[in-house]
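Take a look at the structure below.
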Amino acid sequence: MIPGNNQYSVTGSAQKICTANGSFVSTRVLAPIWRLAKNRLTLVLIYAVASIWETKADTTPVQWVGNGHWYEAVFVGGSGISWSEARTAAHYSGGYLASIASPDENAFVYSLVSDPKFWKLNWNSEFGLGPWLGGYQSDKLAEPDGHWTWDSGEAWDYTNWAPVEPNNLYSAEDHLHLFGYYALMGTQWNDLAAVPQVYQSEEAIMGYVVEWNQVPEPSSLTFLGISVVFLSAHIRQRHKNKKQKV
Ligand SMILES: [Ca+2]
Ligand SMILES: [Ca+2]
């Protein structure tokens, strides 16, 4: 063992840690910490703190000169996030899921998420599933392209649907996201189920775009980070429970 690398060593039945000065610390000292860490809530909190820092490092709202509003692309990763969970997080931060009113605004929003980490191929690897936007259908009385509205309440004047979209596939697609048409990434739109895994278990949305009318308060961004972390933990637990039931 090389002292200073805090490596684990097993001597007989006792596990010890080699410290920077070459001495050994008995795991007896660490036992209470380990018992504490075994508590599930503690683990979630440790994960939350670590992830908040990671999220905050990624948290840089950008102003678009076209309307003076502020935007941020939020990456969730893992097994993804539902549209409703994304909207809840956006509202907690004082904003809303992004509304797009022009080709220029669409191009700007796409520029925030033109990174493969925000995208995931669909079940047969033909199309790219990008982040959630604020569009949704208020009811199912005018499928597939009627009664769409924005989370912000703005008028639904501009659209940028991909070919043959919206198609209301499985009669379940009422929520908007960026879409790669025969590509991983793209600037066009698709309608999708709020929880994509409901009909295609391989599919997931990796993030979303938040919009604020004014520059967001730093506390809002922290809260956004916390919301994302706990929503992610909730989603992971939900998937874990689902697997256990199968
Ligand atoms: Ca629909
Ligand atoms: Ca669709």
- Note on the structure: Residues Asp191, Asp104, Asp174 in order from fewest to most other beta-carbon atoms within 10 Å are Asp104, Asp174, Asp191
- Message: Residue by residue through the stretch 184-196, what is 3J(HN,Hα) from phi via Karplus (6.51 cos²θ - 1.76 cosθ + 1.60, θ = phi - 60°)? Round to whole Hz and write x for glycine and proline.
- Response: 5, 10, x, 9, 8, 10, 9, 8, 9, 5, 4, 10, x
- Message: If you filter the stretch 160-224 for GluC sites (Glu not before Pro), then keep DSSP loop positions with at most 14 other Cβ within 10 Å, what is left?
- Response: Glu202
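Computed from the coordinates by the stated procedures, all read-outs in this text should not be read as laboratory data. This is a predicted model, so every value here is computed, not measured. All Cβ positions, even for glycine, are placed from backbone atoms using ideal geometry, and neighbour counts span all protein chains on display.
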